[in-house]
Each structure stands twice: as structure tokens, then as C-alpha cells.
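Structure record follows, encoded as C-alpha cells.
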Amino acid sequence: MVNRDPEEPLLSEEEGRQNNVPPKSGFYTIFKNFVLMGWVAFGGPAAHIGLFEKTFVEQMKWMSASVFAELLALCQCLPGPTSTQVSFAIGVVQQGTLGGLFSGVLFQYPGAFMMSAAGLGAAKFLLEPSALTTAIVAGLSAAGVALVVDACLGLGRKLVTTTDTQVICLISACVSYYASAHFKLSTAWVFPMLIVFGGVSTRVARTKTPVTSATEEETHVSSLGLSLKAGGFLLAVHFNILIAVVVLKRMIPYDDCPQLHWFEAFYTAGSLIWGGGQVVLPLLLSKVETWISPQEFYTGLALVQAMPGPLFNISAYLGALLGGPTGIIICWVGLFGPGVMLIFGVLPFWGWFRSNRNYKLALPGLNASSVGLIVASCFQMALKVRSISPFPDASLLIGMASFCFVHLYNLPAPLAIAICGGFGVVAHFANAQ
């Protein structure tokens with residue numbers, strides 16, 4: 001395994017071919033792949049992960065399935081929106097820190113833009129979406145489920161190949177699904193605990209097992225972004241901001257500086273929540289209910305679930321209601337900032353401990369648990385999409401079609417999603433059930 005220094009030049013395409021490792025992609029390639037992806041990223045974080053896996057692992061070959069699973073497990077162990085952190089990490093391993101900022105912002109901007117517009121006044125036109133709009137969203141959501149299933153199959157075939165990893169995958173899937181269905185907010189610790197459980201399981205079970213050397217192509221990472229010192233400094237900045245806003249909020253009354261109280265509410269929520277938007281939304285409601293009416297909050301909740309991109313984009317809507325354009329910036333940066341700072345700060349350390357023997361022994365279990373969480377998402381999404389669809393059975397057919405498009409015919413995932421949105425229109429006019 002080769003872990004390059006974060007400040008060492010990236011491999012060129014020719015060097016990549018000579019060393020049998022994935023070549024890096026330039027900024028234009030990152031732009032071309034991410035600029036429209038955010039507009040078709042429906043279905044929530046699990047669907048986003050499926051979209052990334054299909055596009056950047058299977059089609060673009062930017063990284064191996066093993067590296068992708070490692071990044072996914074790393075992000076699932078950190079507070080914040082997992083799919084958002086993965087979108088930044090994908091750019092980092094291609095073009096360093098600037099590449100990560102480029103890919104992440106391009107993936108987030110469509111949903112953030114639309115939710116900002118909704119908060120600034122468009123929401124009143126969207127409170128009662130037309131039947132046609134609902135049908136399109138149903139088709140897009142069905143396609144999102146298909147992407148999750150495809151990603152699950154692809155990663156499972158490559159990473160869950162032994163009896164112990166299969167058992168770990170099954171346990172993680174069952175616990176994750178049951179906890180999400182019955183315990184709601186208490187699932188905040190479930191994801192990282194299951195990842196740790198998988199890693200500890202294979203580390204203990206394989207204590208005397210020799211560590212086999214993977215190929216350079218399977219383990220290569222071109223860039224880790226920041227240096228170790230810079231990563232440590234960024235993590236320190238994040239924790240100091242967290243402490244400062246909590247202390248200042250207690251010292252300064254709301255009327256004297258409402259912007260500080262807004263930022264503290266969203267920054268602490270983004271710093272302390274594992275599991276993504278489904279977990280952070282109840283916490284946000286408790287923090288903003290004195291400033292925003294329940295009707296306004298639930299309107300935003302309905303809108304963000306019909307929009308592409310992460311559910312954390314509800315922060316732009318709530319910020320617009322609180323303070324217009326200034327509120328949008330404060331609340332959006334407050335909620336997304338911790339997760340983004342953490343992934344940029346942690347990536348250099350991830351590169352440092354990847355070569356550790358204990359990590360190598362734990363890695364099969366870490367990956368198996370990550371796949372198990374995706375398995376649970378397949379069932380959760382399929383049941384939810386069917387229950388909210390205006391044509392439940394037709395939605396299943398649309399999902400099957402999307403799965404065939406991406407799994408059998410290798411159709412680009414954004415194109416498959418767009419086609420399925422069209423199928424939703426057809427189902428609407430055909431009065432499908």
C-alpha cells in the first residue's frame with residue numbers, strides 16, 4: 001500500500017497507467033461530472049451514495065470499491081451529512097483541497113438555491129404542489145432506490161465475500177433498520193457504533209491472520225488534501241468555534257445579537273448529530289421553534305424532501321425565514337460547516353493510519369458494516385417511496401426499469417434518473433396505480 005504525502009504532486013494520467021493505479025482527473029472533469037449531478041440527486045443520502053458509486057467507482061474508475069467503502073465508513077463515523085462529506089472527499093482524492101471544495105459545492109448548490117428561493121417567498125407557491133409535480137418526484141425517487149440497490153450489489157460482491165463479513169453485514173443491516181424504524185432520535189449513535197462493531201469484530205477474529213497486501217490499484221489514493229498539521233489545525237478550529245458559540249450564546253441575550261443565536265443553534269446541531277438529515281430535523285425543530293412556527297418548519301420539511309441534494313439544505317430555507325439572505329448564509333454555513341471541516345481535517349489522518357496493521361485487520365469489518373447500512377437503506381427507501389407515491393405499483397416498475405438501465409445497460413445514472421422522472425409523467429397521465 002502506498003500513501004502519498006498530502007503535499008506531494010498528484011499522479012498524472014501517464015504515471016497512473018505506468019503504475020497501474022487510477023489516474024487523477026482535472027478540474028474540468030470534476031466540473032463536468034458534478035455540475036448537473038446535484039440537480040438529479042433525489043432520494044436522500046443513500047441514493048446519493050449509490051449515485052457516487054455508480055459514477056465514480058464503476059464508470060469513471062476514479063477509485064476502487066475498497067477506497068470508496070473506506071471513505072464511506074469514515075464519513076459515517078463523523079458527525080454531519082454523510083453524502084455531503086463523501087462529495088467533498090471525492091474531489092479531495094482527485095485534486096486536493098481545492099478539488100474537494102469544487103466537487104462539494106457543485107453538488108450542494110442546486111438544493112441550497114431552491115430551498116433559499118422557497119424561504120424567500122417561493123414557498124407559498126409550493127405548499128400545494130400539482131399532481132404532475134408529485135408524479136415527477138415519485139419517478140425520480142423510484143430511480144433513487146434503484147441506484148441504492150445497484151450500489152449495494154456492487155460493493156457487496158467486492159467487499160462482503162467471507163462468512164464473517166456476511167454476518168457483520170446482516171447484523172448491521174438489521175440493527176440499523178430496526179433502530180431507524182423504532183427509536184428515531186436515539187439512532188444518532190447507531191451508525192458509528194455499527195461501523196466500530198464491524199471493525200472490532202474482524203480485528204479480534206483475525207488477530208493471528210497475516211495481512212495480505214492489496215494491489216496498488218485497490219488501495220491507491222492520489223491526494224489527502226491538507227497536511228497532517230493543517231488537518232489538526234482545522235479540527236482544533238472547529239472545536240474552538242463550537243465552544244465559543246456555546247459560551248457566547250449564554251453571555252449575550254438574543255435581542256442583542258440574534259445572528260449569534262441562529263449560528264449557535266445550527267452549528268451545534270451539525271456538530272453533534274450522526275445519521276444525516278432524518279436525525280437532525282427533530283433537533284432543529286426544538287432549537288428554532290421559538291423563532292419559526294411549526295407550520296413554516298413542516299412546510300420546509302415537505303419541500304426539502306422533494307428537492308435534490310441533502311436534507312441539511314433545509315437550513316437555507318429556515319435561514320431565509322429568520323433573516324433573509326444574511327440568515328441563509330449564517331444558517332447554511334452553520335449546519336454544513338462542522339461536517340465539512342471535519343472531513344477535510346480528518347482525511348490526512350485517515351491516510352496516515354491506513355497502513356496500520358490494526359486498521360488493515362479491522363477494514364473488512366468496517367466495509368461490511370458500511371454495506372449493511374446501505375442494505376437497510378434499500379428497504380427503508382423502497383417502502384417509503386412506495387407509501388408516498390400516487391401510483392405505488394407503477395413506482396415499483398419505474399424502479400425496476402431504472403435498475404436495469406444502470407446495472408445491465410450501464411446508462412449514466414443522471415440520465416437514468418431523468419428518464420424515470422419522465423416515466424412518472426407517463427404514469428400520471430395514464431392514471432396508473
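We did not get these values from a lab; they are worked out from the coordinates using the rules stated. Bear in mind that the values here come from a model prediction, so they are computed numbers and not experimental data. In this analysis, Cβ positions are derived from the backbone assuming ideal geometry, glycine residues included, and neighbour counts consider all displayed protein chains.
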Average Cα contact separation per residue, the chain, under 8 Å, 6 or more apart, as relative contact order %: 32 percent
Ascending count of other beta-carbon atoms within 10 Å, so fewest first, for Val86, Val425: Val425, Val86
Peptides 95-102, 108-115, 283-290 ordered by average Cβ neighbours within 10 Å, highest first: 108-115, 95-102, 283-290
Virtual spin-label span in nm between Gln433 and Leu408, 7 Å along Cα→Cβ: 2.6 nm
Mean Cβ count within 10 Å, highest first, over the residues of peptides 47-59, 308-320: 308-320, 47-59
Residues whose placed amide H lies under 5 Å from that of Val221, excluding near-sequence neighbours: Arg4
FRET efficiency estimate (nearest 0.05) - Cβ-Cβ, Asp255 to Val167, R0 51 angstrom: 0.35
Highest-MSF residue in the chain out of Gln85, Gln259, Gln295 [GNM, Cα springs under 10 Å]: Gln295
Which labelled figure in (1) 22.0; (2) 20.6; (3) 34.3 is mean projected area of the Cα convex hull in nm², once derived from the coordinates: (2)
